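Nothing in this text is a laboratory measurement; each read-out follows from the coordinates by a stated rule. For clarity, every value in this text was computed on a predicted model and none was experimentally measured. Here the Cβ positions follow ideal geometry from the backbone for every residue, glycine too, while neighbour counts run over all protein chains shown.
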Amino acid sequence: MPDAPSSRGWTSPSASEPQELAGVPSEERGRISLRYREMDRVLGGGLVPGSVALFAGEPGVGKSTLLLQAADFVAAKGVKVLYVSGEESEQQIKLRSNRLGLSGRGIYLLAETDVDQIIHQLEERLPGLVVIDSIQTLSTAEASSGPGSVTQVRECALRLMRWAKARGTPVLLAGHVTKDGTLAGPRVLEHMVDVVLYLEGENLGAHRLLRSVKNRFGSTNEVAMFRMGDGGLEEVSDPSKALLEERGQGAVGSAVVSVLEGSRPLLVEIQALTSPSALPVPRRTANGVDYNRMIMITAVLARRARLSLANQDIIVNVAGGLRVSEPGADLGMALAIASSFRNQPIKPGLVAIGEVGLSGELRSAPQTDRRLAEAARLGFSSCVLPAWARGKIPATTGLELVYAPTLGEAMRLSLERRSGKGGVAEESELANLEKLEE
Ligand SMILES: Nc1ncnc2c1ncn2[C@@H]1O[C@H](COP(=O)(O)OP(=O)(O)OP(=O)(O)O)[C@@H](O)[C@H]1O
Ligand SMILES: [Mg+2]
């Protein structure tokens, strides 16, 4: 009897007999929009019915805010939403809802932490969307360990998932993340749920990034940007512009790269600072770029472009708190370091795209045309590219394309020569480099 109550309070009504795939009804129900176009895009086009999505983030980053705003949007379309809070009382949620200017119509609050009680309520009310804030506060009497433990979190998530699949109702879970950026308690949660999104805000000021790290119904590494204000989270529809807003023109050690975050090109400023080190082993600091990548680029600059970086402290920073992890940003990072070391700014209006190889050669980055289009849209006038890309890019980018086979050549084409002194580099070194490349 599928509907008989089990020791677990509720059993899925779906038959557990094998079904031929061909015979499974392809009941394609529409995806559900969660208010923000950007968030829908990160989800792969909205929330899939019956899916379980985890919104993970550090304390205070805005998970509850985002979920309540999304819940209100869905409820306003006539869908019944059950908002389960194990952390806040109804009054506290009401306060937030007032602050965000939400009507609250169609949202039913349940302050409960016992997952079996919650499932009982879900069966009674059959909502069209469920929000659980947060999964770590739930527990079941059948597991002996405390709330937040691996066993409890897994068991509670499993029950909610079974319910979601059986009823075809989407469930949004808020999940806490520890300081080192991993999901508190179990990583196993990431394997179970359909979608894992991270809401990040560290070093971003009022900006928040929503990043998909797992998606069974869409591509991963999609990023959406939000801004936290009095009225809650608003989406930033032009993140490249927001990221470059505070950039100083003609600054030494600053390069703009066009990177791909998921399917979207994004313009990001990479800054570098080199200064003579007082330490026996000079310091290398990487904020927002991969440390090993930076060490590699530094080594290539030293060996292939003859920059005497061995006694320099080097700091590389991605402005705006973003993390850049793709090789297409290599050239920009290298140019930023070279620019600081030589005290020569990068030519105004120039963007860099390309990967740097160990022998100093430049390689193309995927989807260069889309990256160029983004640069052109934001008013950049030229782009330094690997020579390999020549002839492979549609002519209509609107940018002046500067091709360089090597890093040394790219440096010569991208850095502005200053007549004044101040940089570590001397004319003799430049002459050296020119000889080296002939
Ligand atoms: N009155 C306010 N005006 C503007 N922003 C506010 C106000 N109150 C709170 N916030 C913002 O909301 C954030 C808290 O959001 P929220 O409670 O949604 O975070 P959370 O991720 O759910 O946190 P927790 O992990 O504690 O549940 C604060 O960090 C702050 O930026
Ligand atoms: Mg919260």
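Between the Cα long axis of helix 115-125 and the first principal axis of the chain there is an angle of about 70°, rounded to the nearest 10. Note that the chain, at 4 °C in a medium of 1.567 mPa s, gets a Stokes-Einstein diffusion coefficient of 53 µm²/s from its Kirkwood radius over C-alpha pairs. Measuring r between the beta carbons of Lys347 and Lys80 and using R0 = 60 Å, the FRET efficiency lands at 0.55. Simple spin-label estimate for Ser16 and His120 gives 2.3 nm between the two label positions (7 Å along the Cα-to-Cβ direction from each Cα). Counting 0.36 nm for each residue step from Leu279 to Ser145 and taking away their Cα separation leaves a gain of 43.2 nm. Available extension along the chain between Arg247 and Ala111 is 44.4 nm, counting 0.36 nm per residue and deducting the alpha carbon span. Computed per residue of the chain from DSSP H runs no shorter than four, each worth -39500 (n - 2.57), the mean residue ellipticity at 222 nm is -8500 deg cm²/dmol. Once both labels are positioned 7 Å from their Cα atoms along Cα-to-Cβ, the gap between Thr396 and Ala302 label points is 4.8 nm.
When +1 charges are put on Lys and Arg Cβ atoms and -1 charges on Asp and Glu Cβ atoms, the dipole computed for the range 242-437 relative to its Cα centre reaches about 120 debye.
Only one residue of Ile118, Gly128, Gly60 has its Cα farthest out toward the positive end of the dipole of the range 29-237, where Lys and Arg carry +1 and Asp and Glu -1 on Cβ, and that residue is Gly128. Taking other Cβ atoms within 10 Å as a rough exposure proxy, Ser258, Ser275, Ser16 sort from fewest to most as Ser16, Ser275, Ser258. Candidates Gly168, Leu95, Val351 compared by Cα position along the dipole of the chain: farthest toward the positive end lies Val351, with charges placed on Cβ. The simple Förster model, with R0 at 35 Å and r as the Cβ-Cβ distance, assigns Thr220 and Gln91 a FRET efficiency of 0.40. Residues Lys63, Lys392, Lys241, Lys165, ranked from the fewest to the most other C-beta atoms within 10 Å, line up as Lys392, Lys241, Lys165, Lys63. If you take the Cα centroid of the range 34-110 and the Cα centroid of the range 252-312, the two points sit 40 Å apart.
Distance between the modelled labels on Ala206 and Arg187, one decimal in nanometres: 3.7 nm (7 Å Cα→Cβ projection). Restricting the range 15-44 to GluC sites (Glu not before Pro) that sit in a DSSP loop and have at most 16 other Cβ atoms within 10 Å of their own Cβ leaves Glu20, Glu27, Glu28. Direction-averaged projected area, Cα convex hull, the range 30-126: 6.6 nm², rounded to one decimal. The range 323-353 and the range 390-411 have Cα centres separated by 15 Å.
Length gained on full extension, Asn98 to Asn292, computed as 0.36 nm times the residue gap minus the Cα-Cα distance: 65.1 nm.
Sorting Phe341, Phe217 from the fewest to the most surrounding beta carbons within 10 angstrom yields Phe217, Phe341.
Over all pairs of different C-alpha atoms, the range 29-237 has a mean inverse distance whose reciprocal, the Kirkwood radius, equals 16.8 Å.
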